[in-house]
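J.: The structure follows.
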Amino acid sequence: MSLLELHGVSVRFRQSGGEARELTAVDSVDFAIGEHEMLGLVGESGCGKTTLGRAILRLVPLAAGEVRWRGQRIDRLGQRAFRPLRRELQYVFQDPHACLDPRMTLLESVAEPLRALDPDSEAAARARLAQERLDEVGIAADLAARYPHQLSGGQLQRAVIARALVVDPRFVVCDEPVSALDVSVQAQIVGLLERIRDERGLASLFISHNLAVVARLCKRVMVMYRGRIVETGERRAIVEAPLHPYTRELLDAVPGIDAGARKRLLRKAARTHPGADETAPAAACAFAARCPHVLPRCRVERPPLQPAGESRLVACHRAGEWPGGLPPLAAA
Amino acid sequence: MKGGLWRDALGQLRGDRAAMTGSVVLAFLVLAAIVGPVFIGFREDEIDWANMAASPFEADGHWLGTDRLGRDLLLRTLLGLRVSLAIALAATLVSLVIGVSWGALAGYLRGRADALMMRFVDVLYALPQVFFVIILTVVFGRGPLTLLVAIGAFGWLTMARIVRGQALALREREFVEAAVVGGAGTLRIVARHIVPNLLGPVIVYATLTVPQVILVESFLSFLGIGIQEPLASLGNLIADGAGEMETAPWMLAVPAGCLVLLVFSFNFLGDGLRDALDPRDR
Amino acid sequence: MPLLDIRALTVEFAGEPPVCAVDGVDLSVEARESVAIVGESGSGKSQLLHACIGLLAANGRARGSVRFEGRELLGGNAAAIRGRGIGFVFQDASGSLTPHRRIGLQLAEVASAAHGLSRDAARAESRRMLECVHLPDAERRLMQYPHELSGGMRQRVAIALALMARPRLLFADEPTTALDVTVQAEILALVAELCREFGMALLLVTHDLGVVAALADRIAVMQAGRFVETAAAADFLSGPRHPYSAGLLAAVLTLGGLP
């Protein structure tokens, strides 16, 4: 049995504006995460990946579907009933400057979940445990006594990770934990997450828009586009033989730092896709508007997520035409 | 409370000349109102038959002259200042406690609870304050306590609105969500995350409330429905003085000057605090 | 004569203690050249740009010399060349767009100020610029408000705004950091294309070596207010000399070498 299972999970938001419209942010998503597994979720901003992560932790309500934790449904629980589960399911937020209370020291912030979940615990014991976690992520006591505005983004993100770990959770949603950071600091935080993954055997959903970061950390990767999962597979397969055109595009977007990068980029310049932000009809493939391989069929029939080889799923009508994966744009 | 953050704000406040002048003048006024009367060689109700309505230049021993009944004007002004300050501080305290908790809770809960709580505030807003005070004085008689209840009952409304607006914005911040993930309940989030983060605007607004309340008190006393003789307040002293404006202008000038000084220094301090506590400037 | 010539530029911020953000740096940008300043946040790279165009915070002071086409910019002369001589694009496009005004009005305002155009001509020019930055559906965009656009589209509008007065030099401060990877690549390609098309020089500030690889001819690595290495971009990417630069380069996550 998987640790966490999602079946047909959808999240809808009422859009304000002229007529009351509903925006489907997450559209019937299924997946499962096993014990100790780190699953990657990639997609661009607004594709619903953050909403999906938040829906698991009941920070946004589900419109449909179910979430099971160790086989038990948890999507119907009220906030109070959910509270004991917060010991097991935690969240690492994207922007460390925003998710720490500016009026609390790092130590206070990290100790807070301990107090909230067990008000009878002893303050000194809480502080000791919090500092232990902070030490684990490389924040010494003198830094822990400071306020967020006195520290750098990298240091704050370490504290945010410590806060998620302080209750010894079994599962963590990591929502873009490095994208607000400098590139050099990103590498350090990715290293830290790698270490935590190996030492604690923690299960997690790792959300990012950067495929290079996700591939570094997660064995299995899901690609999301406009609320739907478009491809799932083992990371090597995804990187070396992407089956969905959107995955290909994400791969092409990973910045190269070699001399050829500039040439590839300039070649790409001519290919920016107009109309990429138009709302696709519900019956169509959401990617049809910007897909270089689009067929008339794609505009009227939504491709289902189908098996394509071992532990591999893809939602594309033409996936069968390139069993070896889509070639990079530069070579095309 | 939080050493580091408040120290920063204090440091910036020190560099603000207007705010520093304001707080020095304010400290002087408060001190004078509390201990000043002791050093004046007259009693509150002592009537100096030799000096009635005497100007500061002709009255013997009365530094700022006397009123119609020959009472020392400096002493009366200081006592009036004491009463006015006490009412202002008490009313501000009421507005802080009720206004902040009401507003923070409404803003955090949103939805129906918020709508109900704020409609209640709107209803109170719609009541004309002066009539309310008149009714209160008819029922409970005139006096400082009635005045305090009257001012307190309305003083927290604006505070509640300000705080609610801030709380609505704060509850959308990610650190509030992080506290939810950490298992914190509603009361804890309001007390530990919402309220501390809106103290800045609250303190600023409170310093601006004090002079407002003093003005309202003065206004009501001036109309004769506030503090009554023989008890002095800045308001009824000014009302008295206004009556004698042509024959004894100092009777108006002394308490009015005191009021102006007080209101100015509170406003300067409030402006300075607003700048110092605004985290965007740091 | 270089287009932009920075000599011994020092930027200090008053405070307790005072902070020296830029510590006596020299840099020149030739016409049509693109130069990247690379460093981590807090290295002073943004302050350097801000000092050049006179946009330092109130407690900041710049010393040294910054000459643009021979004219000294320090000491209050920068305002005259903002827009016309030097255009700029910031990390957060919403920073250069007023939230409650239609995009068309904002563009037209700059167009008529820059070229003395009539209302209709300014509108036509605005439309043309939006087409230049490949914003689909330009006519409709003119009537929209900034929040109705996606981050990438807003950045395109911000670029159109920066280029409206045909500057000879474009300052770009982390132009892609706030954007998605796929959109990042598009905006980089756009900047490269426009620099070529308009014959513009580019001075770019970034922490992302991917951006450098895509755009820069020359690179200056900044650490704690100083340049630790300046080199041609191609040389730098293939073999950095300073250990700090090597560390930056090693930190870039790529898709190579997956287990």
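The values are calculated or read from the model by the stated rules, or taken from the named source; none is laboratory data. Keep in mind that what you see is a predicted model, and the values were worked out from it rather than measured. Don't worry about glycine lacking a Cβ; one is built from the backbone with ideal geometry, like all the others, and counts go over all protein chains shown.
J.: Taking C:L237 as the residue in question, decide whether it is touching a residue at least 24 places away in the same chain (Cβ under 8 Å), at the interface with chain A (Cβ under 7 Å from one of its Cβ atoms) and closer than 30 Å to A:V239 by Cα.
T.: Yes.
J.: Does any residue of the stretch A:238-252 turn out to be in a helix (DSSP H, G or I), within 11 Å of chain C (Cβ to nearest Cβ) and within 30 Å of A:S152 (Cβ to Cβ)?
T.: Yes, the conditions are met somewhere in the stretch A:238-252.
J.: Suppose we keep only residues that are surrounded by fewer than 17 Cβ atoms within 10 Å (Cβ to Cβ) and in contact with a Lys or Arg (Cβ under 8 Å, 6 or more places away or on another chain) within the stretch A:64-82. Which one would you say is nearest to B:A179 (Cα to Cα)?
T.: A:Q79
The rows are residues; the columns are (1) under 24 Å from A:R220 (Cβ atoms); (2) more than 9 Å from chain B (Cβ to nearest Cβ); (3) assigned to a strand (DSSP E or B).
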residue: A:L39; (1), (2), (3): yes, yes, yes
residue: A:P61; (1), (2), (3): no, yes, no
residue: A:G65; (1), (2), (3): yes, yes, yes
residue: A:L77; (1), (2), (3): no, yes, no
residue: A:R83; (1), (2), (3): no, no, no
residue: A:Y91; (1), (2), (3): yes, no, yes
residue: A:D95; (1), (2), (3): no, no, no
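J.: Okay, next question. Any chance you could count how many residues in the stretch C:27-55 are more than 14 Å from chain A (Cβ to nearest Cβ) and out of contact with any strand residue (DSSP E or B) (no Cβ under 6 Å at 6 or more places or on another chain)?
T.: The number of residues fulfilling the criteria is 4.
J.: Identify all residues within the stretch A:165-222 that are in a strand (DSSP E or B) and in contact with a Cys (Cβ under 9 Å, 6 or more places away or on another chain); write none if there are none.
T.: If the condition is that a residue be in a strand (DSSP E or B) and in contact with a Cys (Cβ under 9 Å, 6 or more places away or on another chain), then A:S204, A:L205, A:F206, A:I207, A:S208 are the ones that fit.
J.: Can you tell me which residue within the stretch C:190-215, out of those that are outside any helix (DSSP H, G or I) and out of contact with any Phe, Trp or Tyr (no Cβ under 9 Å at 6 or more places or on another chain), is farthest from C:S41 (Cα to Cα)?
T.: Among them, the one singled out is C:G199.
J.: Can you give me the number of residues within the stretch A:41-59 that are among the hydroxyl-bearing types (S, T, Y) and away from chain C (no Cβ under 14 Å)?
T.: 1
J.: Out of C:A201, C:A192, I need the residue that is of a type in the set (A, V, I, L, M, F, W, C) and at pLDDT 90 or above. Which one?
T.: Step by step, each of C:A201, C:A192 is checked, and only C:A201 is of a type in the set (A, V, I, L, M, F, W, C) and at pLDDT 90 or above.
J.: With the structure loaded, tell me whether A:V213 is more than 9 Å from chain C (Cβ to nearest Cβ) and not polar (S, T, N, Q) or whether it fails that test.
T.: Considered against the rule, which asks whether it is more than 9 Å from chain C (Cβ to nearest Cβ) and not polar (S, T, N, Q), A:V213 comes out as no.
J.: If you don't mind, there's one more thing I want to ask. Does C:L194 count as within 13 Å of chain A (Cβ to nearest Cβ), more than 18 Å from A:P255 (Cβ to Cβ), among the hydrophobic types (A, V, I, L, M, F, W, C) and without any contact (Cβ under 8 Å) to a residue 60 or more places away in the chain?
T.: no
J.: Now for a different question. If I filter the stretch C:240-251 down to residues being part of a loop (DSSP other than H, G, I, E, B), surrounded by fewer than 20 Cβ atoms within 10 Å (Cβ to Cβ) and not basic (K, R), which single residue comes out as farthest from the other protein chains (Cβ to nearest Cβ)?
T.: So, considering only residues that are part of a loop (DSSP other than H, G, I, E, B), surrounded by fewer than 20 Cβ atoms within 10 Å (Cβ to Cβ) and not basic (K, R), the one farthest from the other protein chains (Cβ to nearest Cβ) is C:H242.
J.: Considering every residue within the stretch C:52-72, establish whether at least one is in contact (Cβ under 8 Å) with a residue 40 or more places away in the chain, assigned to a helix (DSSP H, G or I) and either surrounded by fewer than 17 Cβ atoms within 10 Å (Cβ to Cβ) or not polar (S, T, N, Q) (or both).
T.: Checked against the condition, which is being in contact (Cβ under 8 Å) with a residue 40 or more places away in the chain, assigned to a helix (DSSP H, G or I) and either surrounded by fewer than 17 Cβ atoms within 10 Å (Cβ to Cβ) or not polar (S, T, N, Q) (or both), the stretch C:52-72 yields at least one hit.
J.: Continuing with the same structure: May I ask you to list the residues in the stretch C:216-234 that are β-branched (V, I, T) and either within 13 Å of chain A (Cβ to nearest Cβ) or part of a helix (DSSP H, G or I) (or both)?
T.: C:I219, C:V221
J.: Take the conditions surrounded by 18 or more Cβ atoms within 10 Å (Cβ to Cβ), in a loop (DSSP other than H, G, I, E, B) and on the phi < 0 side of the Ramachandran plot and apply them to A:C298. Does it pass?
T.: For A:C298, the condition - surrounded by 18 or more Cβ atoms within 10 Å (Cβ to Cβ), in a loop (DSSP other than H, G, I, E, B) and on the phi < 0 side of the Ramachandran plot - is not met.
J.: Restricting attention to the stretch A:168-178, does a residue exist that is over 21 Å from B:G183 (Cβ atoms) and either in contact (Cβ under 8 Å) with a residue 60 or more places away in the chain or surrounded by fewer than 22 Cβ atoms within 10 Å (Cβ to Cβ) (or both)?
T.: Checked the stretch A:168-178: at least one residue is over 21 Å from B:G183 (Cβ atoms) and either in contact (Cβ under 8 Å) with a residue 60 or more places away in the chain or surrounded by fewer than 22 Cβ atoms within 10 Å (Cβ to Cβ) (or both).
J.: B:I151 fails exactly one of the following numbered conditions: (1) over 30 Å from B:V30 (Cβ atoms); (2) at pLDDT below 85; (3) buried (at least 20 other Cβ atoms within 10 Å of the Cβ). What is the number of that condition?
T.: Condition not satisfied by B:I151: (1).
J.: Oh, and also: Does at least one position in the stretch B:44-64 carry a residue that is modelled with pLDDT of 75 or more and more than 14 Å from chain A (Cβ to nearest Cβ)?
T.: no
Rundown of residues vs (1) in contact with a helix residue (DSSP H, G or I) (Cβ under 8 Å, 6 or more places away or on another chain); (2) more than 14 Å from chain A (Cβ to nearest Cβ); (3) surrounded by fewer than 18 Cβ atoms within 10 Å (Cβ to Cβ); (4) among the acidic types (D, E), yes/no style:
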| position | (1), (2), (3), (4) |
| --- | --- |
| B:L157 | yes, yes, no, no |
| B:R171 | yes, no, no, no |
| B:A178 | yes, no, no, no |
| B:T186 | yes, no, yes, no |
| B:V190 | yes, no, no, no |
| B:T209 | yes, yes, no, no |
| B:V216 | yes, yes, no, no |
| B:I225 | yes, yes, no, no |
| B:E229 | yes, yes, yes, yes |
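J.: Residue check, C:R166 against (1) within 14 Å of chain A (Cβ to nearest Cβ); (2) surrounded by fewer than 18 Cβ atoms within 10 Å (Cβ to Cβ); (3) part of a loop (DSSP other than H, G, I, E, B), all met but one. Which one?
T.: In the conditions (1) within 14 Å of chain A (Cβ to nearest Cβ); (2) surrounded by fewer than 18 Cβ atoms within 10 Å (Cβ to Cβ); (3) part of a loop (DSSP other than H, G, I, E, B), C:R166 misses (1) alone.
J.: Which residue, of C:G87, C:G76, C:G24, is more than 14 Å from every other protein chain (Cβ to nearest Cβ), in a strand (DSSP E or B) and surrounded by fewer than 23 Cβ atoms within 10 Å (Cβ to Cβ)?
T.: C:G24
J.: Sticking with this one: Does at least one position in the stretch C:116-137 carry a residue that is farther than 19 Å from C:I37 by Cα, away from chain A (no Cβ under 13 Å), modelled with pLDDT under 90 and in contact with a helix residue (DSSP H, G or I) (Cβ under 6 Å, 6 or more places away or on another chain)?
T.: yes
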